[in-house]
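A short worksheet on the structure shown next.
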Amino acid sequence: MSKKEKANSFSGTSKNPLQLFRRTLHGHRNLRAGLARARTVVSPMHFPMIVKELSRNPLYGSLLVPMSFPMSLASVRPAARLSEISLEGELLWTSSILSLHTSRLNSFIPLRDAYCAAYEDADYDLADSTLDAIQQMFGFSIWLLEKRIQLLQVTKGLEAQKTFLEEILSTDGVNQFIAWVIYFLSVRAEENVSFSSFESELSEVLEIGWLRDYATLHFLPTHCASIENPALPISIEEPHPVIDRFQTFVAIVQTYCAKLGGEDKRGLIYALEQLEAVEDPTMQRMLTVLRGGYLAEDSKFLALADAYTEGRYEYLLAVRCSSLELVARSYAFLGRKPPSGKDLSLRDQLIGLIYDVSVLSSDAPLSRQKLMKLAISCPDQSVTFEVATFLERTHDHLDTVIPTALEVAAALGRALAG
């Protein structure tokens with residue numbers, strides 16, 4: 001069924017949904033209030049068509065996208081968000097808005113991934129210059145500010161990242177909600193803040209109903225499978241920069257897909273189809289799976305898995321196997337400890353900690369805590385999920401047939417190229 005046929009098959013409450021939407025929108029003096037109301041009077045399946053039509057008129061530009069790519073901290077201004085609607089509605093509305101920025105998103109994705117790779121390999125100069133390029137091209141976002149704080153903590157220490165935090169908090173007119181998010185991300189980045197203490201610090205926040213799922217997504221991504229209302233984080237992100245709306249959309253859809261049962265998937269598929277031209281590997285994989293297709297076999301990864309099964313552990317270490325757990329277990333089978341020391345890359349730190357937990361070393365309990373802390377601050381969510389799936393297993397029954405939601409999410413996050 002084509003996109004046009006899908007939209008036509010959901011006629012909503014009017015033979016002309018665009019006309020009804022426009023009439024409702026302009027029925028309020030405050031157009032944002034009118035927009036919030038208009039989103040409730042037509043089927044969400046009409047959102048792609050409606051957004052496309054409205055976007056042709058410059059009058060609706062800032063109405064549809066209150067904050068696109070703010071080029072200064074001072075322009076990260078407060079904006080009221082639209083009232084939350086159904087999950088299908090939030091997915092289709094957000095994907096329709098993001099589709100207006102396909103070209104910009106396709107420029108952002110390789111830079112995002114380059115930053116993650118540089119950070120994980122401890123190439124901090126490259127990571128810093130990549131963030132500079134992202135800021136120059138796409139302005140400020142929660143994503144960018146989080147990475148700045150993360151990098152400053154690792155390279156220059158606590159004082160430097162707190163100085164940067166103070167610059168954000170003291171910026172005149174800055175969005176206070178975003179500033180609040182950045183404050184907690186700064187606390188999380190502190191070297192001396194353990195996973196347990198950070199979780200305790202968040203306890204009151206996690207008791208606030210409308211904030212719980214958003215806070216889980218941003219502060220405790222290892223717990224994403226516990227998100228109860230996936231529409232809320234997308235709704236809360238609505239008035240924020242496009243980069244944050246995109247990152248949240250992908251993360252929520254990835255988590256939601258991992259928990260899908262027999263629900264009607266038409267709305268979800270249609271939402272992802274609006275972003276089919278966006279070159280994000282995770283979204284490409286999700287759309288393939290939801291359409292009932294099969295993912296192309298990752299021959300490189302399968303070859304590495306075969307090497308592990310055949311006992312070729314030295315080979316796995318030599319070729320820099322992409323699976324952290326396979327590398328850690330290879331060291332264990334060889335009777336050797338992974339590299340240790342203060343200046344290890346994030347990747348090598350994770351391998352060493354996974355090794356300690358796997359072999360039940362005397363440091364295993366502390367290593368588990370350190371793993372949990374590193375997992376929630378990994379710049380690459382696929383690494384976060386990989387570590388989280390390792391931690392949730394008991395390791396006494398590795399041949400479990402039914403994968404958990406986290407394991408499915410991790411599989412969906414593996415890049416198509418391996």
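The values are calculated or read from the model by the stated rules, or taken from the named source; none is laboratory data. Keep in mind that this is a model prediction, so the values were computed, not measured. Methodologically, a virtual Cβ is constructed for each residue, glycine included, from the backbone with ideal geometry; neighbour enumeration extends over all protein chains shown.
List the number of the failed condition for Val76; all other conditions in (1) of a type in the set (Val, Ile, Thr); (2) crowded, with 21+ Cβ neighbours inside 10 Å; (3) at pLDDT 95 or above hold. Just one mismatch for Val76, condition (3).
Sort out which residues of the stretch 159-180 are touching a residue at least 40 places away in the same chain (Cβ under 8 Å) and touching a Leu at 6+ places or on another chain (Cβ under 7 Å), and write them in order of number. Those that are touching a residue at least 40 places away in the same chain (Cβ under 8 Å) and touching a Leu at 6+ places or on another chain (Cβ under 7 Å): Ile168, Thr171, Val174. Checked against (1) at pLDDT 95 or above; (2) under 21 Å from the mean Cα position of the chain (by Cα), Asp121 passes all but condition (1). Of Leu185, Leu165, Leu144, all but one fail to be modelled with pLDDT of 95 or more, aliphatic (A, V, I, L, M) and over 17 Å from the mean Cα position of the chain (by Cα); the exception is Leu165.
For the stretch 23-37, the criterion of being within 26 Å of the chain's Cα centre (by Cα) and modelled with pLDDT of 95 or more is satisfied by at least one residue.
Against the conditions (1) in contact with a helix residue (DSSP H, G or I) (Cβ under 8 Å, 6 or more places away or on another chain); (2) surrounded by fewer than 21 Cβ atoms within 10 Å (Cβ to Cβ); (3) in a helix (DSSP H, G or I); (4) modelled with pLDDT under 95, Leu302 satisfies every one except (1). Considering the conditions (1) assigned to a helix (DSSP H, G or I); (2) under 19 Å from the mean Cα position of the chain (by Cα); (3) surrounded by 15 or more Cβ atoms within 10 Å (Cβ to Cβ), Pro110 is excluded by exactly one of them, (3). A count restricted to the stretch 310-335 and to residues that are in a loop (DSSP other than H, G, I, E, B) and out of contact with any helix residue (DSSP H, G or I) (no Cβ under 9 Å at 6 or more places or on another chain) stands at 2.
Any residue at all in the stretch 200-220 that's touching a residue at least 24 places away in the same chain (Cβ under 8 Å), out of contact with any strand residue (DSSP E or B) (no Cβ under 6 Å at 6 or more places or on another chain), closer than 16 Å to Tyr256 by Cα and not in a loop (DSSP other than H, G, I, E, B)? Scanning the stretch 200-220, I find at least one residue that is touching a residue at least 24 places away in the same chain (Cβ under 8 Å), out of contact with any strand residue (DSSP E or B) (no Cβ under 6 Å at 6 or more places or on another chain), closer than 16 Å to Tyr256 by Cα and not in a loop (DSSP other than H, G, I, E, B), so the answer is yes.
Residues of the stretch 113-168 that are buried (at least 19 other Cβ atoms within 10 Å of the Cβ), hydrophobic (A, V, I, L, M, F, W, C) and in a loop (DSSP other than H, G, I, E, B): Phe140 alone. Among residues belonging to the stretch 352-391 that are assigned to a helix (DSSP H, G or I) and over 24 Å from Ala189 (Cβ atoms), point out the one that is modelled with the lowest pLDDT. Checking each candidate, the answer is Ala364.
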